[in-house]
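What follows is one structure encoded as structure tokens, with my remarks underneath.
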Amino acid sequence: MGAPTTPAETGTRPRPNPGVPAADRALTRPRRRLVAAAAALVALTALGAGSLLDLRTPAPRPTDAPADAFSADRAYEDVQVIAARTHVAGSPANEQVRAHLEQQLRGLGLETEVQDTVAPEAGQLSGAAGGATVARVRNVVARLPGTDSTGRVFLVSHYDSVQTGPGGNDDAAGTSAILEVARALTTGPRPRNDIVFVLTDAEEACLCGAAAFAASHPLAADGGVVLNLEARGSTGPVIMFETSRNNAKLVDIFGRAAPHPVGTSFAVEIYRALPNDTDFTAFLDEKFVGLNSAYIDGGAIYHTPLDTPAALDRGSLQQHGDNALGLAREFGGTDLTDLRSGHDATYFPVPGGLVRYPGTLTLPLALLAVAAVAALAWLTRRSGRASTGRLVAGFALALVPIIAAPVAAQLLWLAITTIRPGYAELLDPYRPIWYRLAVVALAAAILFAWYALTRRRIGPAALAVGGLAWLAVLGVLLAVAVPGGAYLTTLPALAGAVGGLVALRTRQTGPWPVVAVTAAAAVGVVILLPTVVLLFPALGMAMGGVAALVAVLLGLVALPVIDLLHPQAGGQRGMLALRARRLAVLPAGAAAVATVVLAGVGLAVDRFDAAHPVPTHLMYAMDAGTGQARWLSHESDPQPWTDGYVDGVTDIGDDFPGLGDAELRAGPAQPANLPAPKLELVLTDAAVGSDRTLRLRLTPQRVARIATLHVDTSTATVLRAEVAGRSVPVEPRDGKWGFGLVFHAPPAEGIEVTLAVRPLAGQVALRAMDASDGLDALPGFRPRPPAVGVVGSHSSEMLAVARTYQF
Ligand SMILES: [Zn+2]
């Protein structure tokens, strides 16, 4: 490169080598500099490794563990019974699971009952496009009475599975953990507070079991503390990812009483942005406070036939149980009358525990970090290490890797999914580690390349200050928008600024400048490295850019330490400087090569095969009126197997409003011998004016998982609706069928629906649909070959039959 030598390198300024950072001003002799760099990097690497090792799950305890302890191996025996096969709400298999749960809880001497009711969904579900949603649910509820109860502690998990898999992790893990916790609690002295074990039904369908318990069970009437146990994968640390509002006291107890407390206030913010829901949603009202925990790595098998007991990581189960038991004991003995505090806490895991501080400090700390970085910039300029112009340039240029790394990570994933389109339907690849490492290497390549290109012109001091300035600014933005995440950038920026100030103010010939910048970078490592690692499974590779962003922020925080290794850091001149300049591009080149190699290894290792099948989505829908049948798939870029069934995109909203209003790919199918659900008019009440009240009975003529009823709102306006004696909200839907009801787990004897309508012209048109599962017996269905699997969804393998009725 022929760029002119800068003043920083010719030493024409009053101070020698002003471009050299404080940390190594005295270390211009290469050997001393390299020793210092090596020591700093070893210290940071050891700290980083320690932070990651701290996230490991505990060893599962064997079946002969002490009676008052949680044993994953004991709990696993229940996992095998519960997840022996698919047991969707309303199915005979789920009835057997329920019988097992009742038997286990009664066997412990607990007051056990089944809450059998019809309940609406909790919260607003993203998948409930069909209309107002209701289910018949049967929750298993058991109580361990307290000696002097101040309130109730509820241990909650759902025992139903999705229709596409046995739910070995989701949520046989949580359910079995609660059985084992119940067993452990009944062996010791009775707790002060009531402990209630709530094993809910129909979570997968609509969270209806939890909603029914929270809204109408007598034990829930006075509220209490809810601990919900979930799994959205098969392995990894159990993360406490959601809390009720004003959580400071709860988080404090979590940090104290959970033996392996992994949780961050940032997770709460991420979770709100994701389209997931759990039973915990049903408890998010004034009566209840609580914590929601799940393990989430190994997401490839989520909701698929591969979510079997064998897929479960017993270390994750042990952590789930250890935490649940520790928290149950603590909340079981605490005065529960005042668990709400006036504020949310900021919290995050560090080796050996959980750091927590009041959320009220978030904005003051963010502003303090900005002030500290400003002071560092001022002192950097005053000490002659960077001019105002360079500081401004450093700030502007530091934005480049912050933007480029996430964009590049997204492009990398786009390239990988172009090569392997099956990834589009997976939450995460089966073996994601190679791709995760590729994203980290890519972030490093971008940071190193940026540094090699800018360092000589701008100087390391201005770039380091510029990087910290962006972290501080992001801290303020986060403090305003997503306060739970502000610590991620505020604390490393504050530490970096303080470290820089100390480095500038201490004697430049001693070790203290290096110690100061290394200690500052250590704060960044402890906070940001586990975040990178936890973000990958939380968001999946499709949002790997977020992890790349955090990785680059970590790199910016560590810049002064990275700079110690920089070949130009000694301020060499002449030929040495030229050689150093050439050496400076090496790290970027090495990281870029690593990115390509790691992505290539990922593609080579993570191939689809019988044990790791490519996910496919297929369902069947038949109009019993016309006899027309169709194959349907929501795959946007269908796999070859699916391609044999579907071609063009169709809007099925007019024919199958119960399937939501999604655009699906469709192809012709042979009609099957399947009866439509029967819709009978039980009674028409005397008309009031022109309004009519229709009392209807909707009866599936086969074993159905869902029954739906829709009204053509061009024939009548729906004024009120009741299902099984409960009123449901009348919310308009888009399209021809402007009112709809979705009923999960319909009883064989049918569902009574009462509609108050205002007819618009003649008869009222209604569309009845029901849906079962399993495509095997359908004419024209060819079973999947071994390397083709079923996507984790609520609609694959569904078999729907619909018919229009007029009254
Ligand atoms: Zn689930």
### Query
When ALA142 is evaluated against the numbered criteria (1) under 21 Å from the mean Cα position of the chain (by Cα); (2) closer than 15 Å to ALA210 by Cα; (3) away from the ligand (no atom under 15 Å from the Cβ); (4) among the small types (Gly, Ala, Ser), which criterion, by number, is the only one it fails?
(1)
### Query
What residue, of VAL137, VAL97, VAL118, VAL153, is under 19 Å from GLY223 (Cα atoms) and either within 16 Å of the ligand (Cβ to nearest atom) or among the hydrophobic types (A, V, I, L, M, F, W, C) (or both)?
VAL153
## Note on the structure
Scanning the range 730-746 residue by residue, those under 18 Å from THR117 (Cα atoms) and either within 30 Å of the chain's Cα centre (by Cα) or of a type in the set (D, E, K, R) (or both) turn out to be LEU741, VAL742, PHE743, HIS744, ALA745
### Query
Can you pull out the residues in the range 189-206 that are more than 16 Å from the ligand (Cβ to nearest atom) and in a loop (DSSP other than H, G, I, E, B)?
PRO189, ARG190, PRO191, ARG192, ASN193
### Task
May I ask you to say which residue of ASP643, ASP651, ASP637 is surrounded by fewer than 20 Cβ atoms within 10 Å (Cβ to Cβ) and touching a helix residue (DSSP H, G or I) at 6+ places or on another chain (Cβ under 7 Å)?
ASP637
### Task
Check off (1) touching a Phe, Trp or Tyr at 6+ places or on another chain (Cβ under 9 Å); (2) assigned to a loop (DSSP other than H, G, I, E, B); (3) not polar (S, T, N, Q) for ILE239 and give me the number that stays unchecked.
(2)
### Query
List pairs: first in the range 549-563 and farther than 15 Å from LEU442 by Cα, second among the aliphatic types (A, V, I, L, M) and outside any helix (DSSP H, G or I), Cβ under 8 Å, 6+ apart or cross-chain?
ASP563/ALA569
### Candidates ARG420, ARG431, ARG436, ARG457 - the one that is closer than 26 Å to ALA375 by Cβ and touching a residue at least 60 places away in the same chain (Cβ under 8 Å)
ARG457
### Message
Just the residues that are part of a loop (DSSP other than H, G, I, E, B) and within 12 Å of the ligand (Cβ to nearest atom), please, taken from the range 167-188.
### Response
GLY167, GLY168, ASN169, ASP170, ASP171
### Query
What residue, among those in the range 295-322 that are in a helix (DSSP H, G or I) and of a type in the set (S, T, N, Q), is farthest from the ligand (Cβ to nearest atom)?
GLN318
### Query
How many residues does the range 213-268 hold that are within 16 Å of the ligand (Cβ to nearest atom) and charged (D, E, K, R)?
3
### Message
Pairs needed: first member in the range 221-236, farther than 14 Å from TYR295 by Cα and part of a strand (DSSP E or B); second member anywhere, hydrophobic (A, V, I, L, M, F, W, C) and within 16 Å of the ligand (Cβ to nearest atom); C-beta distance under 6 Å; at least 6 residues apart or different chains.
### Response
VAL226/VAL156
### Message
I'd like the full set of residues that are buried (at least 18 other Cβ atoms within 10 Å of the Cβ) and aliphatic (A, V, I, L, M), limited to the range 393-431.
### Response
ALA393, LEU397, ALA398, ILE402, ALA404, ALA405, ALA408, ALA409, LEU412, ILE416, LEU426, LEU427
### Message
Quick check on this structure: which one of ASN276, ASN292 is of a type outside the set (Asp, Glu), in a loop (DSSP other than H, G, I, E, B), closer than 28 Å to VAL196 by Cβ and within 14 Å of the chain's Cα centre (by Cα)?
### Response
ASN276
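Quick note: the coordinates plus some simple rules give every number you see, no bench work behind them. Predicted, not measured: the structure shown is a model, and the values here were computed from it. Neighbour counts are summed over all protein chains in view; Cβ atoms, including those assigned to glycine, are modelled from backbone coordinates with ideal geometry.
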